[in-house]
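Engineer: One structure, as C-alpha cells, below. Some questions next.
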Amino acid sequence: MNLLSVGLELVSLHVLGFIAACHAIMHARTSQGAIAWAVALVSVPYVTLVPYLFLGSSRFAGYVDEHRFNRARAQARRAAGDAAMRIVAAARRYAAQEPALHRFLAVEGLVGRHFLGGNRVALLKDGRATFDAIFQAIAAARHYVIVQFFIVRNDDLGRELQRALLDAVGRGVGVYFLYDRIGSHALDRRYIDTLRAAGVQIHAFAIRRFRNRFQLNFRNHRKIVSVDGQCAFIGGHNVGVEYLGARAPLSPWRDTHIRIEGPAVVQVERTFSEDWYWVTQRLPDVREPVSTPGDMCCLAVPSGPADAQETCSLFFVQAIHAARHRIWLSSPYFVPDSAVRAALRLAALRGVDVRVLIPCRPDHFTVFQASAYHAYEAVRTGVKVYRYQPGFLHQKALLIDDDAAAVGSANLDNRSFRLNFELMLLVASPAFAADVEAMLRADFEQAELVPADEYEQVSMPRRIVMHYARLFAPIL
C-alpha cells in the first residue's frame, strides 16, 4: 500500500510537471527560458515545481484596468480646471520644437506619452542632499504629499521621514504612502500603524491577486516623492541609513536623485497613481501643474512586467542607438540582456565612446559575479568598463551625447528590464546633460578601468563561479 501511494504521488508530480512545462512553453518570455523550465519540470518535477510556482511567471497579470483608470483620471483632470490643461498642452507644443527629440520619438511611442517642455531638473548627489531636499519640500506642502519607496527601514532616516509625514498630516496635508512588501519585508509594523493612526494613507504594493499570488519575482522598485504637483523626486535612493553612507562595508554610498519641477511632474504622479489604483482601486487626489519654471524637455518612462512590450530593455536599446559620439552609463548591477549587449557592441564598433560605471564592491554576491562576467565580455567588444573605488555605487544614470540624459531607478539587469516596476526620466536638454557629464566625469576620475587582459589573470575557481552566476541572469 505504501509503495502504491508513493507511486501515485510520483505520477501526480510528473503530471503536474508536464502541465507546468506546457505553461512555461506558452508563457516564458524567451525560448531559452521556456526550454530550461520545460526540461526541468518534465524530468525532475519534485525539484522544480515549487521554484516554478514562485519564480516561473514573467508577466504581471491584471495590473491596471486601463478603461476604468482612464475614465476615473479623466474625471479628476476635468475637475482640475482648464488652466492646468492648457499648461500641459502648451508643454507638449514647446517640447516638439526641441531639436534633440527626433532621436527619441520611439520612446514616446513605447510608453504612450509625449515629451513635455517648460521643466527644471536638478541633480541631487548622494543621500544627505537628496533627503534634505525631500524633507524641505514636505515641510512646505500645502495640499498633498506622495511617497513611494522600494525599501523603507525603521532606522534613523526612516524615523526622520515618519516625523516629516506626521507633521504634514498635522497641518491638514493629505499623505499617500506606498512601499513594496518584499523590499520592505523587515519594516516594523509599529512604524506603519503609527502613520496610519495619524491619518496617513499607507499601503503595501503586494502580489494580491490569484494569478500573481505566489510570485516573488515581481517588485515595485520605484522611488517617488511628489508634493502638491509642483515638484517631484525620483532616483536611486531608498529609505535607510545605508543610503546616507552610514553602514559599513559599503560606505561611502554613491547615489543620485533628481528634483523635477514643471509639467513633467504630472507624468511622475500618473505613474504613482497607476500603482495606487492597483492597490486601492481609487485615485489619489492630485493636482495638475500650474507653471512652467524652466526650459527643459522631459519624458517620464515607467516600465514593468505588466507592459505589453519589454519597455525598460527597449528604452536602453533606443538610448544606445541614439548616441552619435558618446553613451555613458552608471549602474550598480551589469547583467544586460542580449538586446542591450548587442546595442552596446554596435555602438562601440561605430566609434561611439561607450563607458559603463559599476561598483568594485559587492552587495549581492551572485549579481556581482554575474556582473563581472558581463564586464569582461563587454571589454572584449570595445566597451570601456570602470569600477568605482571609494565605496558602493548605486546610481542609475546615462548620458547621451551632449544633449540628453536620464536618471531614475532602473538598473542594467534583467530584473529591471523584465521583473521590476521602474521609473526613469529622460531629459532632452544640453544644460542638464552638461550637469550629468560633470557628475559622471568626477565619478570616472575615482574609478579604475578594467584592463582588456584582466580576465586572463582570473583564477579558474573564480571563472567557474562567474559562469555559474550568469546562468541566473533571467532573475538577477
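The values are calculated or read from the model by the stated rules, or taken from the named source; none is laboratory data. What you see is a predicted model, and the numbers here were worked out from it, not measured in a lab. Here the Cβ is made from the backbone with ideal geometry for all residues, glycine too, and neighbour counts use every protein chain on show.
Engineer: Given 442, 433, which one is free of Cβ contacts under 8 Å to residues at least 60 places away in the same chain, within 23 Å of the chain's Cα centre (by Cα) and in a helix (DSSP H, G or I)? Walk me through how you get there before you give the answer.
Structural biologist: Numbers: 442 fails: within 23 Å of the chain's Cα centre (by Cα).
On inspection, the qualifying residue turns out to be 433.
Engineer: Which condition does residue 205 not pass, out of (1) at pLDDT 95 or above; (2) buried (at least 17 other Cβ atoms within 10 Å of the Cβ), if it passes all the others?
Structural biologist: Going through the list (1) at pLDDT 95 or above; (2) buried (at least 17 other Cβ atoms within 10 Å of the Cβ), residue 205 breaks only (1).
Engineer: Another question about this same structure. How about the stretch 445-473: which of its residues are aliphatic (A, V, I, L, M), assigned to a helix (DSSP H, G or I) and under 16 Å from residue 361 (Cα atoms)? Outline the logic, then answer.
Structural biologist: Here is the first cut: in the stretch 445-473, the residues aliphatic (A, V, I, L, M) are 447, 449-450, 452, 458, 460, 464-466, 469, 471, 473.
Subset that is assigned to a helix (DSSP H, G or I): 460, 464-466, 469, 473.
Passing the criteria: only 466.
Engineer: Also, quick follow-up: Consider the stretch 420-476. How many of its residues are among the hydroxyl-bearing types (Ser, Thr, Tyr), under 30 Å from residue 303 (Cα atoms) and surrounded by 14 or more Cβ atoms within 10 Å (Cβ to Cβ)?
Structural biologist: Looking only at the stretch 420-476, we keep the residues that are among the hydroxyl-bearing types (Ser, Thr, Tyr), and these are 429, 455, 459, 468.
This time we only want the ones that are under 30 Å from residue 303 (Cα atoms), so: 429, 468.
If we keep only those that are surrounded by 14 or more Cβ atoms within 10 Å (Cβ to Cβ) as well, we get 429.
Residues in the stretch 420-476 being among the hydroxyl-bearing types (Ser, Thr, Tyr), under 30 Å from residue 303 (Cα atoms) and surrounded by 14 or more Cβ atoms within 10 Å (Cβ to Cβ): 1 in total.
Engineer: List every residue pair whose Cβ atoms lie under 6 Å apart, where the two residues are 6 or more positions apart in sequence or sit on different chains, the first residue falls within the stretch 240-255 and is over 16 Å from residue 364 (Cα atoms), and the second residue, located anywhere, is among the polar types (S, T, N, Q) and modelled with pLDDT under 95.
Structural biologist: 245/251
Engineer: Quick check, is residue 354 buried (at least 16 other Cβ atoms within 10 Å of the Cβ), touching a Leu at 6+ places or on another chain (Cβ under 7 Å) and either free of Cβ contacts under 8 Å to residues at least 40 places away in the same chain or part of a loop (DSSP other than H, G, I, E, B) (or both)? Step through it out loud before you land on a result.
Structural biologist: Numbers: buried (at least 16 other Cβ atoms within 10 Å of the Cβ): yes; touching a Leu at 6+ places or on another chain (Cβ under 7 Å): yes; either free of Cβ contacts under 8 Å to residues at least 40 places away in the same chain or part of a loop (DSSP other than H, G, I, E, B) (or both): yes.
In short, yes.
Engineer: Within the stretch 324-351, can you find the residues that are more than 20 Å from residue 417 (Cα to Cα) and in contact (Cβ under 8 Å) with a residue 60 or more places away in the chain?
Structural biologist: 324, 325, 326
Engineer: Here is a follow-up. Cβ-Cβ under 7 Å, sequence separation 6+ or interchain: first residue in the stretch 369-390 and crowded, with 23+ Cβ neighbours inside 10 Å and outside any strand (DSSP E or B), partner modelled with pLDDT of 90 or more and of a type in the set (Ser, Thr, Tyr). Which pairs?
Structural biologist: Here the result reads 371/333, each pair linking the stretch 369-390 to a residue that is modelled with pLDDT of 90 or more and of a type in the set (Ser, Thr, Tyr).
Engineer: Could you check residue 427 against (1) within 30 Å of residue 123 (Cβ to Cβ); (2) touching a residue at least 60 places away in the same chain (Cβ under 8 Å); (3) assigned to a helix (DSSP H, G or I) and say which number it fails?
Structural biologist: Answer for residue 427: the failing condition is (3).
Engineer: Given the structure, is residue 279 in contact (Cβ under 8 Å) with a residue 24 or more places away in the chain, of a type in the set (Val, Ile, Thr), surrounded by fewer than 24 Cβ atoms within 10 Å (Cβ to Cβ) and not in a helix (DSSP H, G or I)?
Structural biologist: Numbers: in contact (Cβ under 8 Å) with a residue 24 or more places away in the chain: yes; of a type in the set (Val, Ile, Thr): yes; surrounded by fewer than 24 Cβ atoms within 10 Å (Cβ to Cβ): yes; not in a helix (DSSP H, G or I): no.
The answer is no for residue 279.
Engineer: I would also like to ask the following. Please enumerate the residues belonging to the stretch 304-333 that are at pLDDT 95 or above, part of a helix (DSSP H, G or I) and among the β-branched types (Val, Ile, Thr).
Structural biologist: Those that are at pLDDT 95 or above, part of a helix (DSSP H, G or I) and among the β-branched types (Val, Ile, Thr): 317, 320.
Residue by residue, here is whether (1) among the hydroxyl-bearing types (Ser, Thr, Tyr); (2) within 24 Å of residue 343 (Cβ to Cβ) holds:
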site	(1), (2)
256	yes, yes
282	no, no
289	no, no
292	yes, no
295	no, no
312	no, yes
319	no, yes
329	no, yes
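Engineer: Name the residue that is nearest to the chain's Cα centre (by Cα), counting only residues in the stretch 148-180 that are of a type in the set (Lys, Arg) and surrounded by fewer than 16 Cβ atoms within 10 Å (Cβ to Cβ). If you could, list the steps in order and put the result at the bottom.
Structural biologist: Of the residues in the stretch 148-180, the ones of a type in the set (Lys, Arg) are 153, 159, 163, 171.
Retained after the next criterion (residues that are surrounded by fewer than 16 Cβ atoms within 10 Å (Cβ to Cβ)): 159, 163, 171.
On the way: 159: 24, 163: 27, 171: 32 Å.
Restricting to residues being of a type in the set (Lys, Arg) and surrounded by fewer than 16 Cβ atoms within 10 Å (Cβ to Cβ), the top hit is 159.
Engineer: Since residue 336 meets every condition but one in (1) under 28 Å from residue 145 (Cβ atoms); (2) at pLDDT below 95; (3) within 17 Å of the chain's Cα centre (by Cα); (4) surrounded by 24 or more Cβ atoms within 10 Å (Cβ to Cβ), which condition does it not meet?
Structural biologist: (1)
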